[in-house]
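J.: Quick one: this structure, given as structure tokens, is what I'll be asking you about.
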Amino acid sequence: MEENQKEQENKEKNVKNDTNFKTVVTSNPYNAKKVKTKSGFGKSVLLPFCSGVVGCAVVIGTCFGVPSIRSEILNGTSTVQNTSNNNNSSSGYVSQISLENYSDTAVYAANKILPSIVGIKVEYTVNNPMLSMFGQSSNSTATATGSGIIISEDGYILTNNHVISTDSSSSSNSSYQISEANKITVTLFNDTTEYEATIVGKDEETDLAVIKIDKTDLPKAEFADSDSIKVGEFAMAVGNPMGMDSTVTCGIVSAVNREVTDSEGNTFTLIQTDAAINAGNSGGALVNSEGKVIGINTLKLEGTGIEGLGFAIPINSTTDITSQLIEYSKVKRPYIGLTGMDLDEETAEKNNLVPGVYVKSIEDFSSAEKAGIKPGDVIIEADGTKISTMDDLNKIKNSHKIGDEMKIKVNRNGQERELTVTLGEQP
């Protein structure tokens, strides 16, 4: 009994002396566990504070030891982490794009090209026979505006054919007719003087024309290689939309080699851009970030729900045309001398023929006649390429020069024959 009492006193003494432990009871009483707590200011306050200071120093030191992190801290440049698998990026970070650089690019391009862009004003005579019935004059004068690009120091200017020429099929109806241009005047950059221009040559098929003014020491535009342009690169349209001289609009190259058919049924292979192009921009320049011409603004799509669909003739495709217009006042093209119609599978089957181009007629003394092509033949190949339409045939023909030989395969009465056509000059 005495021993039990003594043992109990010892246990109470041990509990009183052991103040470094406390019992923490969780919501589950069976999970009670002991957590050791330190007593004293040095252990409970000073030691954690010092540990925190040391930890911060280690983290900062590590950050400054990593070049990319140190550079970001010191330069204060915002970055975003590159989550793509880009093997060219060793740091995994890319710099934020500055809009200031884009603005500088536009300013540079505009300053370079603007002196080479001209405003064009064309005067027409409009004849309305209906007015004479009411005792009024049937003739009146109308004006139209467009743009042009200086291509030589001595006054040659490149523009669109539709800017300086009137197509009777599109400008005439039962009530009025518009004449060819009576007068063409040109206004230079930062110059209000109107210089009268003459038409050097024009080509409806490519919608290009060259005019000339009597002035020298003009700032000739610089051309880029339009075959090397890429989708997404900077593009600036420059011209005189709605008569507003020296207007620039910016965007990108939206597409290349885009085939577009105009309201007259002519098909062009063009550069597409979302840079704003409006009436009066025709004949002006589409330039790259260096202010070099990559195209001639010529078309835009209009209609409800349509925005940012403008088109330009690639400048590389204009150089030979321009040279011929200056030298011959026209474009000399190779010529076969036949008229044909597209023959699809359904029509061919109904008429016991094969698909291709059905030859309707042959012109006298033409290249086609000399080669032995006859009405009723169906052209199925040209230079080894399958032919389905007249457009197919013309594309291959136009890739040749006058005097070149062209291989034509025809189907005549179910038999195939290969003929050689020596291309003449289109009359």
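The values are calculated or read from the model by the stated rules, or taken from the named source; none is laboratory data. From a predicted model like this one, the values you see are computed outputs, not experimental measurements. We place every Cβ from the backbone using ideal geometry, glycine too, and count neighbours over all the protein chains shown. Side chains included, ligands, DNA and RNA excluded: accessible areas come from the protein's heavy atoms. Shrake-Rupley method; radii C 1.70, N 1.55, O 1.52, S 1.80 Å.
J.: Given the options 283, 232, 291, name the one that is open to solvent by 30 Å² or more (accessible area, probe 1.4 Å) and either modelled with pLDDT under 95 or part of a loop (DSSP other than H, G, I, E, B) (or both).
T.: 232
J.: It is to be established whether one or more residues within region 348-356 are within 30 Å of residue 210 (Cβ to Cβ) and outside any strand (DSSP E or B).
T.: Looking for residues that are within 30 Å of residue 210 (Cβ to Cβ) and outside any strand (DSSP E or B), one finds none in region 348-356, hence no.
J.: I would also like to ask the following. Checking the condition free of Cβ contacts under 8 Å to residues at least 12 places away in the same chain and open to solvent by 50 Å² or more (accessible area, probe 1.4 Å), which residue from 259, 264, 222 passes?
T.: 259
J.: Here's another thing I want to ask about it. What single numbered condition from (1) over 19 Å from residue 155 (Cα atoms); (2) over 18 Å from the mean Cα position of the chain (by Cα); (3) among the charged types (D, E, K, R) fails to hold for residue 220?
T.: Only one criterion in (1) over 19 Å from residue 155 (Cα atoms); (2) over 18 Å from the mean Cα position of the chain (by Cα); (3) among the charged types (D, E, K, R) is unmet by residue 220, namely (1).
J.: Picking from 402, 408, 373, which residue would you name as being in contact with a Leu (Cβ under 9 Å, 6 or more places away or on another chain), crowded, with 18+ Cβ neighbours inside 10 Å and not in a strand (DSSP E or B)?
T.: The unique qualifying residue is 373.
J.: Within the bounds of region 385-398, is there any residue that is open to solvent by 60 Å² or more (accessible area, probe 1.4 Å), of a type outside the set (A, V, I, L, M) and more than 27 Å from residue 332 (Cβ to Cβ)?
T.: Checked against the condition, which is being open to solvent by 60 Å² or more (accessible area, probe 1.4 Å), of a type outside the set (A, V, I, L, M) and more than 27 Å from residue 332 (Cβ to Cβ), region 385-398 yields at least one hit.
J.: Right, here's the next one. Looking only at region 317-326, decide whether some residue is open to solvent by less than 70 Å² (accessible area, probe 1.4 Å) and in a strand (DSSP E or B).
T.: No, there is no match, as no residue in region 317-326 is open to solvent by less than 70 Å² (accessible area, probe 1.4 Å) and in a strand (DSSP E or B).
J.: Only residues in region 104-126 that are over 30 Å from residue 183 (Cβ atoms) count as the first member; pair them with residues that are open to solvent by 40 Å² or more (accessible area, probe 1.4 Å) and of a type in the set (Lys, Arg), Cβ under 9 angstrom, at least 6 apart or cross-chain, and list the lot.
T.: Within 9 Å, the pairs are 109/292; 112/292.
J.: Any idea which of 181, 142 is modelled with pLDDT under 95, part of a strand (DSSP E or B), farther than 19 Å from residue 277 by Cα and open to solvent by less than 40 Å² (accessible area, probe 1.4 Å)?
T.: Exactly one of 181, 142 is modelled with pLDDT under 95, part of a strand (DSSP E or B), farther than 19 Å from residue 277 by Cα and open to solvent by less than 40 Å² (accessible area, probe 1.4 Å), namely 142.
J.: Residues that are in contact (Cβ under 8 Å) with a residue 12 or more places away in the chain, within 16 Å of residue 425 (Cα to Cα) and not aromatic (Phe, Trp, Tyr): does region 295-317 have at least one?
T.: no
J.: So which of 152, 147, 175, 169 is surrounded by fewer than 17 Cβ atoms within 10 Å (Cβ to Cβ), under 27 Å from residue 292 (Cβ atoms) and either at pLDDT below 75 or not charged (D, E, K, R) (or both)?
T.: 152
J.: Separate question: Quick one: count up the residues across region 411-427 that are within 16 Å of residue 354 (Cα to Cα) and either assigned to a strand (DSSP E or B) or in contact with a strand residue (DSSP E or B) (Cβ under 9 Å, 6 or more places away or on another chain) (or both).
T.: Result for region 411-427: 6.
J.: So, one more: Considering only region 340-359, I want to know if a residue exists there that is of a type in the set (Val, Ile, Thr), modelled with pLDDT of 95 or more and open to solvent by less than 20 Å² (accessible area, probe 1.4 Å).
T.: Yes, because at least one residue in region 340-359 is of a type in the set (Val, Ile, Thr), modelled with pLDDT of 95 or more and open to solvent by less than 20 Å² (accessible area, probe 1.4 Å).
J.: For residue 89, all conditions in the list (1) over 28 Å from the mean Cα position of the chain (by Cα); (2) part of a strand (DSSP E or B); (3) at pLDDT below 85 hold save one; what is the number of the exception?
T.: Single failed check for residue 89: (2).
J.: Follow-up question, since we're still on this one. Quick check on region 335-355. Is at least one of its residues in contact with a strand residue (DSSP E or B) (Cβ under 6 Å, 6 or more places away or on another chain) and at positive phi?
T.: Within region 335-355, not a single residue is in contact with a strand residue (DSSP E or B) (Cβ under 6 Å, 6 or more places away or on another chain) and at positive phi.
J.: Does residue 259 satisfy the condition of being under 30 Å from residue 199 (Cα atoms) and acidic (Asp, Glu)?
T.: Criteria met by residue 259.
J.: Tell me which residues, restricted to region 396-417, are of a type in the set (Asp, Glu) and under 41 Å from the mean Cα position of the chain (by Cα).
T.: The answer is 404, 405.
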